[in-house]
Amino acid sequence: MREKSDNRGGSRTAALLLCAFLCASPAAAQEMTTSLVDIHQGSPLSDRARDLGNGGYELQDGRWVSFNRWYHANWLDLHVDLLTQLTESSGILWGIGTGEQGEKYRIAPSLKLGFLTQTHPSPSSTLSLSVTSIIGGNLTERPCVADYGNLGTYSVNCRLAAGETAPEETLKYLVNATPERLHLWLNYRVTF
C-alpha cells in the first residue's frame with residue numbers, strides 16, 4: 001500500500017488529533033490514556049526519492065540504464081502518531097517513522113514529539129494549539145562508482161554519471177534533504 005503524500009496530509013492528521021483529543025472523556029484524561037491518532041506509509045521525502053528514479057541514460061555499448069531500480073524500496077516509511085492525554089485540556093503528541101531504503105538512497109528513522117492544548121473561549125467554541133517537531137528522518141542519496149575507461153574510475157552522482165559534468169563535480173548534487181522539522185497548528189472551532 002502506498003499513500004500519495006500531499007499538503008492535505010497535515011490537515012488530516014491535525015483533524016484526527018483534534019478528534020482524539022476532544023472525544024476522550026475527562027475520566028480518561030485522569031488515567032493518562034494513549035490513543036492512536038494516525039498511521040500511514042509514505043512521506044514527501046519518499047515521494048522525492050521516487051522522483052529521483054525518473055529517467056536513465058545509455059551506456060557506450062547502447063544498453064539503457066534506468067534509475068528506477070536504484071530509487072525503489074520494498075518498504076515505504078511507516079509513520080505511527082499517538083496522543084497521550086495529560087489533563088482534560090492538554091496532551092503530548094508523539095510518534096515514530098520507520099525510515100526506508102533503496103539501493104542508492106536512505107531515509108533515516110524518525111521520532112515525532114509535540115504538545116497539544118485547548119481552551120474554550122465560550123461554551124460553543126474551542127481554540128486548539130499543537131506544536132510538533134521531528135527528529136531524524138533525513139533523506140541521503142548514495143554515489144555510484146563509474147568506470148570512465150582511460151580516464152579512470154570515479155565516485156559519482158549516479159544520475160549525472162553520463163552527463164558532461166566532471167565526475168568529481170557531480171557529487172555536490174547528491175540529495176541530502178530533511179523533513180519539515182517544526183509543525184505549528186492553530187484551530188478555532190465554533191459549534192452552532
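The values are calculated or read from the model by the stated rules, or taken from the named source; none is laboratory data. This one's a predicted model, so the numbers in the text were calculated from it and none came from an experiment. So basically every Cβ, Gly included, is an ideal-geometry build from the backbone, and we count neighbours across all protein chains shown. Areas reflect the complete protein model, heavy atoms only, side chains present, ligands, DNA and RNA absent. Shrake-Rupley method; radii C 1.70, N 1.55, O 1.52, S 1.80 Å.
Summary of computed values
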{"item": "Residues satisfying the stated conditions in segment 183-192, i.e. part of a strand (DSSP E or B) and either of a type in the set (F, W, Y) or surrounded by 15 or more Cβ atoms within 10 Å (Cβ to Cβ) (or both)", "result": "H183, W185, N187, Y188"}
{"item": "Candidate set: segment 142-192, residues that are acidic (D, E) and out of contact with any helix residue (DSSP H, G or I) (no Cβ under 9 Å at 6 or more places or on another chain); chosen: the one nearest to G99 (Cα to Cα)", "result": "E168"}
{"item": "Subset of segment 64-98 (residues that are surrounded by fewer than 16 Cβ atoms within 10 Å (Cβ to Cβ) and in a helix (DSSP H, G or I))", "result": "N68, R69"}
{"item": "Pick from segment 171-192, criterion touching a Ser or Thr at 6+ places or on another chain (Cβ under 9 Å) and of a type in the set (S, T, Y), ranking: farthest from F115 (Cα to Cα)", "result": "Y173"}
{"item": "Sole residue being within 20 Å of E58 (Cβ to Cβ), open to solvent by 30 Å² or more (accessible area, probe 1.4 Å) and acidic (D, E), chosen from E168, E180, E164", "result": "E164"}
{"item": "Pairs where the first residue, in segment 125-136, is more than 14 Å from D81 (Cα to Cα) and at pLDDT below 95 and the second is part of a strand (DSSP E or B) and among the basic types (K, R), C-beta under 6 Å, 6+ apart", "result": "T126/R189"}
{"item": "Single residue of segment 44-59 satisfying the filter (within 16 Å of C144 (Cβ to Cβ) and not in a helix (DSSP H, G or I)) that is most open to solvent (accessible area, probe 1.4 Å)", "result": "E58"}
{"item": "Subset of segment 99-114 [assigned to a loop (DSSP other than H, G, I, E, B) and not basic (K, R)]", "result": "G99, E103, A108, P109"}
{"item": "Extreme residue, least open to solvent (accessible area, probe 1.4 Å), among residues of segment 99-110 that are touching a residue at least 60 places away in the same chain (Cβ under 8 Å) and within 23 Å of L36 (Cβ to Cβ)", "result": "I107"}
